[in-house]
Structures are given as structure tokens and as C-alpha cells.
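First the structure, in the form of C-alpha cells, and then the observations on it.
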Amino acid sequence: MSSKETNKSALPENESATSTNLSQTSAERIKALRRQKIDVEDLIQKILDGNKTALSRAITLIESQQKKHNSNIKTIIKSCLPHANKSIRIGITGVPGVGKSTFIESFGLQLISEGKKVAVLAVDPTSSITRGSILGDKTRMEKLVLEQNAFIRPTASGESLGGVARKTRESILLCEAAGYDVILVETVGVGQSETAVHSMTDFFLLLKLAGAGDELQGIKRGIIEMADAIVINKADGENIKAAKNAKVEFNRALHMYPAKQNGWSPKVKLASALKNEGIDKVWSMISKYFETTKNNGYFEQKRIDQNKFWLKQSIEDALKKNFYQNETIKKALPEIFRKIEANETTPFEAAEYLLDLLNQN
Ligand code: GDP
């Protein structure tokens, strides 16, 4: 086992120490699951009762990708669905080191102090690239994990973004069925992970650091547009002045975009996650967002639109998989690539040919 994996396995999963070994890696959890007989009805009941161990086991089932679990997973999700959808889902992104875990810890504790139950999930596509994840390779949120009303789940690893996104969406439903009111979905801004998280959450929060007046440089195109709020973290000590300047600059940037249909104009806030300053203001801003969008119907509409998006996405993924795994296509592809290289055909003609070939099968 690599040291990264060892560290990752130290991530808390909130399972009671007696029932599950906290030092297990995701792969070990799945392996252990293979040996267990699953009483699906019992598992569902326990999830609905808010049992964290059962919730964890069900998420491990979702992550296992084993065909034999498919029907169990479907049954679990179907039974949980009527109890899901009641939470609010908040996406949180920012570069490594910006303070995501510190912020989530402070923010989560704030929510818990107000009587909420908080689940933290992560979408980390780096796990599929490096096999060790940016979000998972250190012990994080040590205080939050001790809370009875918190559930923290490390990201599913060794997967494509599409796979991780799907599993996270399904995990969100299970967390909601287990009674979690606020679901925080964390991501690092790698590849398309922000877009994926944006399309599975109601509110999208971008964490930033104040720089030397070049705040907008190096910021990914489209990310400002996705953000419902930008929180400038580490606004403490000597950083305060720069943070205030950054606030002005981000506000200006946000105003360059046309007003959103949802009746909400994105806000910029200052916070110090470390000193627990400004966190309550971030929460009251987010509460205001939910009040606004629930009143004007946008909240519901956005979730419907997201479901349609994921429906289309699933169909596209399945069609693609079907195409590339088809034996005739697999055999034909090398010759088509050769023709493309030799300029003997155009990409469009070749695509048409291959699709016809698939349809004939
Ligand atoms: P992540 O990689 O985005 O999850 O960032 P972390 O939460 O691990 O924080 C990275 C470093 O920044 C840690 O050393 C934190 O203690 C520190 N940090 C996080 N939030 C703040 C803050 O508000 N103020 C200051 N001064 N440091 C912070």
C-alpha cells in the first residue's frame, strides 16, 4: 500500500469504530463487502433511521461497481428516493491550499450549532489520474468528524469523472434519505469537475485567496459565471487589506455578467475559516439565496433541469460506451485512423461510416 493510500485511509468516514475499521481504504471496504451477505431491506431501514454505518455501507456498494450489486443498489436508491430531495446542496470549489477543508469544518460546525445535519462528499477526479487524491491525502476536518450530526465521506477513487459524478449524485440521495439537511460537495478545480459539481448542487461557492491585485488572472473561464458567491478566505492578519481589495475586484468582475434568471446576484464575502470569522455571514447569505429561489420557483426548476441534464448525460455515456465496446467498431477503428492519417477520408465521412456500421450490427 502506498503512503498516500495509507494517509487516505485515515480519512474519517464516521462509521462507528466497532462496526467498521476506520483505517480501511476504499478498495478494502469494497473487498470486505464482497464477503458480507447483504440484507437489503435491513440496510434501507437503517439508512432511513439515520444509521451512519448503514449509509457508509450503501455508498460502498454504489462505489463497488460490481455487477452483482446492481440490483441491490437500484432497490436501495429507489427506496430512498421518496425520502430524498429535501436537503440543500452546496458545491464548494477552490485550488488546493485555499482552505476548503478548514472552511468546510467551520461552516459545518456553524450549521450543526443551528441544529442541522451535515454531510460532506467530494468529487475528486485527480484520484483517477494519480491514484492518490488531492482531497484525500491528509487528515481533514478533525473536529467536524467527531460530531454526531456530521457525515464525511472521502471521494470515490480510481474512476473517470463521469463515474465519480454519478456515484456522488447517488450518494447525495442516500445522505438525504438518512436525514442530512445540508449536503456539501467539495471539489478541486481539475478538468470538468467544477461543472459536474455545479450541475449536482443548488448553490455554487468559489473559495479564493487575495493575491497581489491580479485576482482575475489564472481564474478558469466560466467559473466566475458558475459562482453564486465568491468567498475570499484567509481574510485575517496582514491579509485583510489585500482581501478587501480583492473583494472590490471580484465584485466588479461579477457585475460584468448579465443578471441571472434566478433573481439572485452573486455576492462576494470575506472570511477567515481558520479564525471562524465571517462564516455566519456566509451562511446567512446562502440562506437568503434559498429563500429567494424557493419563493420564485427557481430552486425546483433548477433541480428539474439538472435531472434532465443527468438523464441526457447518462444516455450519452451509455451510447458512447456501447459504440467503443462494439466488436465490429473495435476492429474497424485502426483502419479508419490510418485513413484519417493518410488523408484518405474526412473525419465526418468516417464517423458516418462507423455509425452506419454500428446500426447494421
Ligand atoms: P484545502 O487544500 O483547500 O483543503 O486547504 P486547507 O483547509 O487544508 O488549508 C490550507 C492551509 O491554509 C492550512 O495550513 C490552513 O490552516 C490554512 N488556512 C485555512 N483557512 C485559513 C484562514 O482563514 N486563514 C489563514 N491564515 N490560514 C488558513
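The values are calculated or read from the model by the stated rules, or taken from the named source; none is laboratory data. These numbers were taken from a predicted model, which means no experiment stands behind them. Reconstructed Cβ throughout: ideal geometry from the backbone, glycine too, with neighbour counts over all protein chains shown. Ligands, DNA and RNA are stripped out before the accessible areas are found, and what is left, the full protein with its side chains, is counted by its heavy atoms. Shrake-Rupley method; radii C 1.70, N 1.55, O 1.52, S 1.80 Å.
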If only one of 155, 195, 168 is open to solvent by less than 20 Å² (accessible area, probe 1.4 Å) and assigned to a helix (DSSP H, G or I), which one is it? 168
Report whether or not residue 273 is surrounded by 14 or more Cβ atoms within 10 Å (Cβ to Cβ), within 15 Å of residue 229 (Cβ to Cβ), in contact with a Gly (Cβ under 6 Å, 6 or more places away or on another chain) and touching a residue at least 12 places away in the same chain (Cβ under 8 Å). yes
Residue check: is residue 235 at pLDDT below 95 and within 16 Å of the ligand (Cβ to nearest atom)? no
For the subset of segment 112-133 comprising residues that are assigned to a loop (DSSP other than H, G, I, E, B) and either within 14 Å of residue 163 (Cα to Cα) or at pLDDT below 65 (or both), which member is most open to solvent (accessible area, probe 1.4 Å)? 131
Contacts under 7 angstrom Cβ, first residue in segment 100-126 being among the hydrophobic types (A, V, I, L, M, F, W, C), partner open to solvent by 30 Å² or more (accessible area, probe 1.4 Å), 6 or more apart: 109/143; 112/147; 112/149; 118/149
Across (1) in contact with a Gly (Cβ under 8 Å, 6 or more places away or on another chain); (2) crowded, with 22+ Cβ neighbours inside 10 Å, residue 180 clears everything bar (1)
Any residue at all in segment 218-226 that is within 16 Å of the ligand (Cβ to nearest atom), more than 19 Å from residue 194 (Cβ to Cβ) and assigned by TED's automatic domain parsing to the domain that holds residue 173? no
What number of residues in segment 238-277 are within 16 Å of the ligand (Cβ to nearest atom) and at negative phi? 18
Can you find a residue that is free of Cβ contacts under 8 Å to residues at least 24 places away in the same chain and open to solvent by 30 Å² or more (accessible area, probe 1.4 Å) anywhere in segment 277-284? yes
Need at least 3 residues that are under 29 Å from residue 240 (Cα atoms) per element, so show me which helices (runs of 4 or more DSSP H) inside segment 253-346 make the cut, counting only ones lying wholly within it. 279-295
Which of (1) over 18 Å from residue 85 (Cα atoms); (2) not assigned by TED's automatic domain parsing to the domain that holds residue 196 is the odd one out, the single condition residue 311 does not satisfy? (1)
Tell me which of these residue 63 doesn't satisfy, since it passes every other one: (1) buried (at least 22 other Cβ atoms within 10 Å of the Cβ); (2) modelled with pLDDT of 90 or more; (3) away from the ligand (no atom under 16 Å from the Cβ). (2)
Single residue of 350, 342 found to be of a type in the set (Gly, Ala, Ser), surrounded by 14 or more Cβ atoms within 10 Å (Cβ to Cβ) and either within 27 Å of residue 226 (Cα to Cα) or out of contact with any His (no Cβ under 8 Å at 6 or more places or on another chain) (or both): 350
When you go through 260, 269, 247 one by one, which is the residue that is at pLDDT 95 or above and within 21 Å of residue 93 (Cβ to Cβ)? 269
I'm trying to understand the selection: among the residues of segment 314-323, which are under 27 Å from the mean Cα position of the chain (by Cα) and either open to solvent by less than 60 Å² (accessible area, probe 1.4 Å) or aromatic (Phe, Trp, Tyr) (or both)? 318
Does segment 236-247 include one or more residues that are assigned to a helix (DSSP H, G or I), within 21 Å of residue 199 (Cα to Cα) and open to solvent by 80 Å² or more (accessible area, probe 1.4 Å)? no
